[in-house]
Amino acid sequence: MKRCVKSFVLVLVVLSVFINFACGGRGRKKLTASEVSDEPREGRDRELFQDALKEMKKKRYEQGRLLINTMITTYADSPLLPIAKLTIADSYYREGGTSNLVQAEAEYKDWLQFFPNHELAPQVMLKMAEIHMRQVQTPDREKEHAFLAEKQLLELQRRFPEAAKNMKVQEYIELVQELLAKHDLLVAKFYFERRNAWKATESRCLEIVKKYPHFTEMDVALWYLARAQEEEENTEDAAKHYARIVREFPRSRYRDAAAERLERFGKPVPDPEGYIEERVIQRKSMLTRAMEALFGPSLAVSKDGILLKQDDQLDQEVARLLEQAMGTSISTPTTTRAEVVRQQPQAVSATEARKDAENAPTMKERTKRPRKVLQKD
């Protein structure tokens, strides 16, 4: 009985070995050298970049970033390097969220250190300002992001003076400075009404008047500035600011009170200056203020990246830059048809064209096998 059991076990072992060998030998595929090793080869950087864009098109940002990082580390001299690093920063910006926006800013800063004079540098600095504008809070809260956005926009104007003509840059500066001025005005009111801190009120209001000339509530800032100076018995400077309210803001709710104080000080009450366009103060509704208290101010800031636009498709202008850099075609994630940048033919004179036509081989000569022509001595 024991011998039968041993024989049966031996047969099972032999049979299992035979089956494994047969299946393994038949299903095994021999890998080529290119599949085993990932050696750098010409054009591979472009393929990795294209694959990364396809991943980002599907909102798989992490996979796309891994492919681009592989391209950057393997092909450090690739002409795609500036665009590739910028695409990584864009992917974080497009993904959104506090942590991703922080990472996007770090990537943009790193890009500027590598390529400070690149033609896309002004757009990178503008995008860094938009990162903070997307995170601004109401004026009664922390003003850090509004301050950093203003700093970035002013630095952009300093480094690239032509950016001062950009309407978007001007609009962003006005939006950010409006928020900063409102924050300082709220602080000034608190010092004046709750703390009787006249010097602190004066300091805040003077900063508004000097730094934010387009503030929509400038008449309010001038009023608290003059009131603080009046409390400090500085009636000369207070009268100047009361006069400015009367002259520049004839429809302000502080106009009559300012004129009354000028009369009390024995100062003339000026007439409104016709050449000054009066600023209309837009009062927000209660619902708008409640929504801003919950979700922050709604600033019209683009959520498009520099390269990755809506639906994460590559900007066409950038695609053309890539084609020129590579000397080949670059297809965007939204199209499979690639366009090739071709060199324009050079002009040929009539004499050269005639000589080329005379020396051109006939069809019969082209079909013959070429022969070496021996030159005679």
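A short reminder: the numbers here are calculations on the coordinates, not readings from a lab. What you see is a predicted model, and the numbers here were worked out from it, not measured in a lab. Cβ atoms come from the backbone with ideal geometry, glycine included; neighbour counts cover every protein chain shown.
Observations on the model:
- Residue order for E273, E95, E231, fewest other beta carbons within 10 angstrom first, comes to E273, E231, E95.
- Net length gained if the chain between A76 and Q63 were fully extended (0.36 nm per residue, minus Cα distance): 2.7 nm
- Local electrostatic count at V169 - Lys and Arg +1, Asp and Glu -1, tallied over other residues with Cβ under 13 Å: -1
- Efficiency of FRET between N196 and Q113 - r from beta-carbon atoms, R0 45 angstrom, step 0.05: 0.35
- Taking W111, W223 and counting other C-beta atoms within 10 Å, the order from fewest to most: W111, W223
- Rounded to whole Hz, the Karplus (6.51, -1.76, 1.60) HN-Hα couplings of region 219-224, x for glycine and proline: 5, 5, 4, 5, 5, 5
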